[in-house]
1. Rounded to the nearest Å, what's the spacing between the alpha carbon centres of the range B:133-209 and the range A:1-59? Just the number, please.
2. Calculate one ³J(HN,Hα) per residue across the range B:36-48 by plugging θ = phi - 60° into the Karplus curve 6.51 cos²θ - 1.76 cosθ + 1.60, and present them in order as whole Hz with x for glycine and proline.
3. Of the chymotrypsin sites (Phe, Trp or Tyr not before Pro) in the range B:52-134, which ones lie in a loop per DSSP and count no more than 16 other C-beta atoms within 10 Å?
4. How would the protein assembly as shown be classified by its alpha-carbon gyration tensor: rounded, prolate or oblate, with rounded meaning a/c under 1.5 and the a/b versus b/c comparison settling the rest?
5. Taking Cα centroids, how far is the range B:1-73 from the range C:142-191 in Å?
6. What do you get when you divide the Cα radius of gyration of chain C by 2.2 N^0.38 Å, with N the number of residues?
7. Once you've got the GNM for chain B with C-alpha springs shorter than 10 Å, pick whichever of B:13, B:72, B:159 has the biggest mean-square fluctuation.
8. In terms of modelled amide H atoms, which long-range or inter-chain residues lie less than 5 Å from the amide H of residue A:17?
Amino acid sequence: MRIVCNGKAREVADGLTLGALVDSLGQGREGVAAAVNSAIVRRADWDATALRDGDEVEVFSMVAGG
Amino acid sequence: MDNLVLAGVELPSRLILGTGKYASGEQLKQAVAASGAAVVTMAIKRVDTEGHRDDIVGPLRELGVRLMPNTSGARDAREAVFAARLSREALGTDWIKVEVHPGQKYLLPDPIATYEASRELVRDGFKVFAYCGADPELCRALEEVGVAAVMPLGSPIGSARGLETRGMLSIIIEQSHVPVVVDAGIGAPSEAAAALEMGAAALMVNTAVAAAGDPVAMARAFCLAAEAGRTAYEAGLASRAATARATSPMERFLEEAMK
Amino acid sequence: MSFFDEISKVDVDSFRALVDSRTDRDVDRALARCGQRMELPDFAALISEPARVHYLKEMATLSMQLTRRRFGRAVNMYLPLYLSNLCTNRCAYCGFSSANKFRRTVLTLDEVRDECEAIKAMGYENILLVSGESERRAGMPYFREVMPLVKRYAAYLQVEVQPLSAEDYAELKGLGLDAVCVYQETYHPGCYRENHLSGRKADMRWRMETPDRAGQAGLDKVGLAALLGLYDPRVDLMALAAHVLYMRDHYPKVRLAISFPRLRPAAGAYEPRYPVGDAKLVQVITAWRIFDNELDLTISTREGAEFRDLIIPLGVTGVSAGSSTEPGGYAHHGENLEQWAVNDSRGVDEVCAALRLNGLDPVFHDASTTYFRAV
């Protein structure tokens, strides 16, 4: 299926979970947050959240700055 | 020296360090350690899916410092609220430094966006630390909506112009019932000491350390300055010593004498 | 031209109108000039009624801050040592007036020594020698002997005796004299004449020029005062302020002290015609501190304990405690009359404890005054 992750279109496996998507980014989970279609998903729910075709996913991490 | 208490948490240092502009994560870690800071702030950004992430969270957690996310990058209240909620998820803390500075030249905080975001986030259970202009009335309004602390600026971010807003800061410190954390524009340890001598609860510094010739040494200098400033404040500066305040019998006498 | 010459050109009664005409704006202006040189109109504003009614708290706070900034928390402790109660003057208000009948005495050197031992035991290092005015029995020959004797016990030596010549002051300075206190009592010629009926003190010029002579002799400090209650305080305080300005201009190296003797009943049952109340006294103390930040302001045991504790933190820098105003009063309680009644009868330890409770530091030896002095 096709999703958009951080503004970039991606082809991913059907039923990919949010947790798996985040892991695939190689940033770990510590200090990371994610939102699907502008709704923040709690980390505890990532592995139970199956992404759907056309979902817009934003993954954030804590960085130096501000 | 008595301890700083922010949002009900007792902290051993009155220095808060920002994490931006360091040459490397390692240098940042050393500077934070040298400064003795108990709280560091950091931003939340979209992950660069192609790039390498210099993880700061892990190393800083190892130091045992408290991590406080900020909403820098938000252009309005809505974005600031969103950034705050993301950060709560990312770090598992309800502390948030609300900073909304859309103007790119001076990075001055938008008072209305700051107020609106703070109000909403307080309702959402956050401990809000509001970065704002040195405006006593704004600080009073922020206090009324329930922020944990106000963070009025000394001068524009990164300007190293020191406590330009000293006059207003003094009023804010006098009138505030929540801790006042002087933030932005501090360029030298002497200015940090000055802010604490004035009675600020804490101060925040970033550029002055990160952009110094030797950031780790400068961090240590700020650590000493914070200690000096607070100790001086508690010792009671000679010009404002306790004996310069009227005793109650004297107050009563003067009241009568003025009739 | 001495100060007497200058003030004689003025009708001092005109000071009354100057004080009475001051408004809130004048007080504002005066307070704004604090730290710069203040002039007589400024002092007039500070002692005016508008100042008392609208600015007293502000003046009190300012006075405290100025004092702490300039003097820290130090309060200098001094003690009067009465050498004699013999006096050839007849001053209407004074217990020692030659008109009053009681046993007169001048302490012998042995008796002076006994007093000094007792005073030393109290911890004092700053002694104010006081005598009635008697050139014959307590004049220069007497002082020539007493001065070096007392100097062995006192690091700082002051006298409140009859006015002496500049040469005499210079000689006594060589024997250890540091300061002279000479209270003009009143600057109003008519009132002065009425109250100083006979004796050398009747010579108003001689008395008023004493600070000039002390300055010429190069003494460290001169203490001035008007006797509050003798004449209209508006007049006398203004004249005293003029005297302070004069001394600052002509003898800039001389330190100045102001005292606040308030007329109290004496042996002759003298009723002050212009009594100065507590509120006014407080205002006056703060006014002096604001008018001239450097002045030493002293309060004696003429004032009661409670009142002293209240006013000392306001700006007072010199205090006596455990005082006796009769000759021989320390070594053994004298049977003679006091010059005036002591109202704060607390011992020195008790007064020091009260000072400390108020955040002040009683200082017995002011090292800064003796550093360069040859022993």
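Computed from the coordinates by the stated procedures, all read-outs in this text should not be read as laboratory data. Every value quoted in this text rests on a predicted model; they were computed, and no experiment measured them. Glycine gets a Cβ as well: all are built from the backbone with ideal geometry, and neighbour counts include every protein chain shown.
1. Spelled out, the Cα-based centre of one part sits 40 Å from the other.
2. For the range B:36-48, the Karplus-derived couplings read x, 4, 9, 9, 10, 10, 8, 9, 10, 9, 4, 5, 7 Hz, x marking Gly and Pro.
3. Passing both the DSSP loop test and the Cβ count: B:106.
4. Verdict is prolate for the protein assembly as shown.
5. Between the Cα centres of the range B:1-73 and the range C:142-191 lies a distance of 71 Å.
6. Compared with the compact-globule rule of thumb, chain C sits at 0.93.
7. Looking only at B:13, B:72, B:159, the biggest GNM fluctuation is shown by B:159.
8. Those qualifying (amide H under 5 Å, at least 5 residues apart or on another chain) are A:51.
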